[in-house]
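Laboratory data are not the source of any read-out in this text; all were calculated from the coordinates shown. Predicted, not measured: the structure shown is a model, and the values here were computed from it. Here the Cβ is made from the backbone with ideal geometry for all residues, glycine too, and neighbour counts use every protein chain on show.
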Amino acid sequence: MIPRSPYLIMLWWPILALAIASTGPSQYVLHILIIAGIYVILAQSLHLVLGQLGLLSLGIPAFFGIGAYAETLLSVHFGLDSLLSLVLVAGITFVSGLVIGVPSLRLSSHSFVIVTLSFAMLLQVIAFHWVDVTRGALGFPDIPAPSVLGFSWTDKTSWLIAILILDVVTFAAFIRIKTSRFGRALAATKGNEDLARAVGFSTFRVKLLAFAISGTLAGIAGTAYAHYITFIDPNVFGFSVTENLLIMVVLGGSGTVFGPMIGAVVFTVLPELLRFSPEFRSLLYGVLLLMAMLRFPLGLGELTSRFRRKK
Amino acid sequence: MFDPLFIAQLLLNGLVVGAAYGLAAIGLTLIFGVLEEVNFAHGELYMLASYSLFAAVSFLGLPYGMAVLLVLPIMALVGFGLSQAAILPNMERPFEVTVLSTLAVAMILQSIVRLTAGSTPVNVDTVFETMTFEIAGILFFGQRVLILIVALLSIIAFAVFLRYSRIGLEMRAVAQNRLACQMVGIDLKRIANWSVVCGVVLTGIAGVTMAPLFDLSPDMGVAIVFKSFAVVIIGGMGSAFGAVVAGILLGVVEAFTTGYGSVAVSEGLFFIIMILVLLIRPHGLFGRTVRI
């Protein structure tokens, strides 16, 4: 299932992105690459719970938003070094993952989907109405540029490099998790939860930890997003992120190692190439997703059941 | 502040909205109860019904009643389409396939409405809206009274249908034991189609009666699906009776929190009640014990 050197194969994306960047493309092309890079992190976040555990979490925007708001508040009020605040935000989103995970993961898988979605929506409501802290619908404009060890940047080439570094680190972490003992515990839990419990895994803890790590990844993507776009409002908790992610991860192939990464890049770049309006893109994504589910619900349905039969 | 008239008014408003929530949530819980499939297109179906009503009233110039009679068969057709495209093919597959399929349908419906009607909120005007009368100091609005009557009649009619019709009997049988039903020759596909169509039409009835009260926007389905899920989870997934009780409960809670606090508080409260119920009774107030 895992290629011999996944750490090398994953470098296709940074190499490709840097190759494009080295040809001196327009600011717009760089922007698309940066957004694709942010989606690579987010896709990994969904992939960890959906692909590795079969848990359909619609709560990724909750962590993405928490990350974006936490980073914004930290940098606006305290002016912390970005590396330090990134670590803080990772901690905050990890703990949020535990807090949201404990009630949600106890539920049936149907309720889990609904409750994770509800958490994202609740946070959006809070962001809209807790005006003293979040500035409500006004949002935060002019989020300061990141500064790491005194080095600060605003130009898009540096941004691309920074995002690619984050991509490589998060993807390496993902592979590390997948090949570790914990990764095997995830596979066991997904394959047959009762059996996994019988051989001594605390499947609840396994799921909770994976859910919190998934939240951390989304939170890291949120910090990058906030600094890069320099503006956030309650819409960061919105459903459109989930929509894009589902397309990227499911059509990319949630049962594979690299599928979601490829999906993230393809489905960020493709709509831009074809110059779709957001409405039309959403229509196309809906049709694609429906057709994929009808024809080859691979990764989700077919792959898991094939996996089970092998066991 | 604690004027009894004000409280009675809030209670009435809560009952009205709650009855509609209950009605909409029956549509969701029916599909879950019979088929064990979660319909994530639920909110968009409600939105579609409201927008179809808007189109029939504004563009075709139909009176409200006629427009409703036009919209409901359309909703039945949409329900059949949903069943064919997203529910029937996925009955034997893991549940998340249906979730993703119905989400895809939701995305399609929402973008179609955005592309045709635009994203600016619209409003449906009916004669009932301006109609008001006062009994014992409590204001009765025509449209709200209509909602209450239609919701109660639909719920009763549906309960009778479930209880006494052949299809209703078969639906309840499938909800109880799908395998046994197949063994005695109940056509599962037919029952699946019926359940989805009934569910979508009930959702549509809620959509068309509630439409004149609020502004319509293509993303209104998100709030509806959130509230319906809360209602269904609190009432117990698959329990129609639970949906009605929880719907009315949440309607009243919403009326009082908006009356004394703010909309934000009521949205937050929905969620907190939902989480509390799930933690204390994971199957909801009426789950498992009372099935459809």
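Determine the dipole magnitude for the protein assembly as shown: charges of +1 sit on the beta-carbon of Lys and Arg, -1 on that of Asp and Glu, nothing else is charged, the reference point is the Cα centre, and the result goes in debye to the nearest 20.
For this selection, approximately 2460 debye.
If you place +1 on the Cβ of every Lys and Arg, -1 on the Cβ of every Asp and Glu, and leave all else neutral, what size is the dipole of the stretch B:10-280 about its Cα centre, to the nearest 20 Debye?
580
If Lys and Arg each add +1 and Asp and Glu each add -1, what is the summed charge of the other residues whose beta carbon sits under 13 Å from the beta carbon of A:Gly65?
Spelling it out: positives minus negatives among the neighbours equals -2.
If you find the alpha carbon centre of the stretch B:147-182 and of the stretch B:80-136, how far apart are they in angstrom?
Measuring centre to centre over Cα atoms gives 22 Å.
What order do you get for B:Ser217, A:Ser214, B:Ser52 when you list them from fewest to most C-beta neighbours inside 10 Å?
B:Ser217, B:Ser52, A:Ser214
Return the average number of partner chain Cβ atoms within 10 angstrom of each residue Cβ along peptide B:219-225.
Per residue, the average neighbour count from other chains is 2.
Would you mind putting A:34-42, B:161-169 in packing order, based on average other-beta-carbon counts within 10 Å, highest first?
Highest mean packing first, the order is A:34-42, B:161-169.
Please list, in order along the stretch B:280-285, the HN-Hα scalar couplings obtained from phi with the Karplus expression 6.51 cos²θ - 1.76 cosθ + 1.60 (θ = phi - 60°), rounded to whole Hz, x for Gly and Pro.
Computed from phi, the couplings for the stretch B:280-285 are 7, 10, x, 9, x, 5 Hz.
Compare the Cα positions of A:Val249, A:Thr179, A:Gly222 along the charge dipole of the stretch A:149-269 (+1 at Cβ of Lys, Arg; -1 at Cβ of Asp, Glu; about the Cα centre) and return the one farthest towards the positive end.
A:Thr179
Given a 10 angstrom Cα cut-off, can you work out which residue in B:Leu109, B:Leu188, B:Leu279 is the most mobile in a GNM of chain B?
The residue that fluctuates most here is B:Leu279.
Could you please state, rounded to a whole Å, how far the C-alpha centre of the stretch A:95-160 is from the C-alpha centre of the stretch A:16-39?
The stretch A:95-160 and the stretch A:16-39 have Cα centres separated by 25 Å.
What is the set of long-range amide H partners of A:Val148 at a cut-off below 5 Å, with H atoms built 1.01 Å from backbone N?
The list, which skips near neighbours in sequence, is A:Ser82.
Run the numbers on chain B and let me know its relative contact order in percent, using alpha-carbon pairs under 8 Å that are six or more apart.
Averaging sequence separation for qualifying contacts and normalising by length gives 37 percent for chain B.
What's the FRET efficiency of B:Ser262 with B:Phe214 using the Cβ-Cβ distance as r and R₀ = 25 Å, to the nearest 0.05?
0.90
If R₀ is 22 angstrom, what is the calculated FRET efficiency for the pair B:Ala157 and B:Met91, using the beta carbon separation as r and rounding to 0.05?
The pair B:Ala157/B:Met91 has a calculated efficiency of 0.20.
Applying 1/(1 + (r/R0)^6) with R0 = 35 Å to the Cβ-Cβ distance of B:Ala180 and A:Arg295, what FRET efficiency is obtained, to the nearest 0.05?
The pair B:Ala180/A:Arg295 has a calculated efficiency of 0.65.
How many lysine pairs in the protein assembly as shown, separated by 8 or more positions in sequence or lying on different chains, have Cα atoms less than 27 Å apart?
9
Roughly how big is chain A's charge dipole about its Cα centre, with Cβ charges of +1 (Lys, Arg) and -1 (Asp, Glu), in debye to the nearest 20?
With only Lys, Arg, Asp and Glu charged at Cβ, the dipole is about 1560 debye.
Classify the stretch A:6-244 as rounded, prolate or oblate, taking a ≥ b ≥ c as the square roots of the eigenvalues of its Cα gyration tensor: rounded when a/c is under 1.5, otherwise prolate if a/b is larger than b/c and oblate if not.
Oblate, because a/c is 1.5 or more while a/b does not exceed b/c.
Starting with the fewest neighbours, write out B:Phe270, B:Phe59, A:Phe280 ranked by other beta-carbon atoms found within 10 Å of each beta-carbon.
If I rank by nearby Cβ atoms, fewest first, I get B:Phe59, A:Phe280, B:Phe270.
Run the numbers on chain A and let me know its relative contact order in percent, using alpha-carbon pairs under 8 Å that are six or more apart.
Across chain A, relative contact order equals 33 percent.
Taking the Cβ of B:Ala246 as the center, what net charge do the other residues with Cβ under 13 Å away carry, scoring Lys and Arg +1 and Asp and Glu -1?
+1
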